[in-house]
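One structure is given below, encoded as structure tokens.
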Amino acid sequence: APDASSAAPATGIRVLSPGAQTTVQDLGRPGHADQGVTGSGALDRGALRRANRVVGNPATAAVLENALGGLSLTALADQVIAVTGAVRPLTVTDAAGRPRELPMDSAVSLLAGQTLSLGTPRSGVRSYLAFRGGIDVAPVLGSRSTDTLSGIGPAPLAPGTVLRMLPPAPGSAVHHPETPPPAPAEVTVLRFVPGPRADWFDPASVARLGAEEWTVMIQSNRIGLRLAGEPLTRSRPGELASEGTARGAIQVPPSGLPVLFLADHPVTGGYPVIGVVLADDLDLAAQLPTGARIRFTPVPTPRVPS
């Protein structure tokens, strides 16, 4: 929550501007769907893990997830930080107003009184800012993540928000710079397993899901990517009874335009799911901006040993 008190202990950072959206995220809170709570957590889990690894944190430590830049914050005490994910300019300005550029995917110092600014991404959407020790906010159901659908967890950052850091784990050490993943392709390929409700669509629509390109729409967010293309046609009328949904599910509402569910997806839904994107490919989906092109590639359904 916003905290502009000058009496706050100088142990962390103060937010000057959160940009379009900045939230606290970790690896999420799986296992609570029966309570109506989705897993949430970082959309690009690989980027979160890299940021934490560089500053010597466990993979589970909480970081900041920033979408589309515009984040600016001031250190209230010396920090060791790392930024991974979307490629963007990083600038540190000292108390005298002198700026300098910082490298990504590397551990760097942010001294008390200095201001860090994240610019507009040159590629990708979301960046992950890790602080040595991890962000100290109260866990909810075992996670410090913000769930933007239910409102569980800390509120999205606002001007004046003060965040404090946990002490580093004993024996932990800052690591060498990480190698970022390759630049995104012109068309991002996402592998998916067909079903479980592919039989709700005519054969031509099932084939077209994997044959044509889909475009990310501006209405996309942490809940899911809304996709534009030729609508898919159902083979039967009516609606399903609500059933459980999963991260990576490709749900098709009555418009026929697919929605790819991400971390903050609802736990149940009544629209048919035509396929489920592999977990290994969801980090790619997390970095797709408006207008990005997707091609879905079907893979065989895993066989369960008898």
Mind ranking Asp44, Asp199 by accessible surface for me, highest first, 1.4 Å probe?
Asp199, Asp44
Mind ranking Asp202, Asp264 by accessible surface for me, highest first, 1.4 Å probe?
Asp202, Asp264
What is the chain's relative contact order, in percent, from Cα pairs under 8 angstrom and six or more apart in sequence?
21
Solvent-accessible area of Ser109 with every protein chain in place, 1.4 Å probe, in Å² to the nearest 10
60
Cα long-axis angle, helix 45-54 against the chain (0 to 90 degrees, to the nearest 10):
20
Of all GluC sites (Glu not before Pro) in segment 160-242, the ones in DSSP coil with at most 15 other Cβ atoms within 10 Å are Glu186, Glu212, Glu213, Glu239
How much length is gained if the chain between Ala20 and Ala204 is pulled fully straight, taking 0.36 nm per residue apart and subtracting their Cα-Cα distance, in nm to one decimal?
62.3 nm
Would you tell me the accessible area of Met104, worked out with a 1.4 angstrom probe on the heavy atoms of the protein chains, in Å² to the nearest 10?
40
Here, Thr290 and Glu239, labelled 7 Å along Cα→Cβ, have an inter-label distance in nm of 2.8
For Cα pairs less than 8 Å apart in space and 6+ apart in sequence, what is the mean separation divided by the residue count of segment 187-298, i.e. the relative contact order in percent?
43
Along the Cα→Cβ direction, 7 angstrom out, place labels at Glu213 and Ser123. What is the inter-label distance in nm?
1.6
Between Thr93 and Thr268, Cβ-based FRET efficiency (R0 41 Å, step 0.05) works out to 0.30
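The values are calculated or read from the model by the stated rules, or taken from the named source; none is laboratory data. Since the model is a prediction, treat every value here as computed from it, not as a measurement. Reconstructed Cβ throughout: ideal geometry from the backbone, glycine too, with neighbour counts over all protein chains shown. Remember, those area values only see protein heavy atoms, side chains included, never the ligands or the DNA or RNA. Shrake-Rupley method; radii C 1.70, N 1.55, O 1.52, S 1.80 Å.
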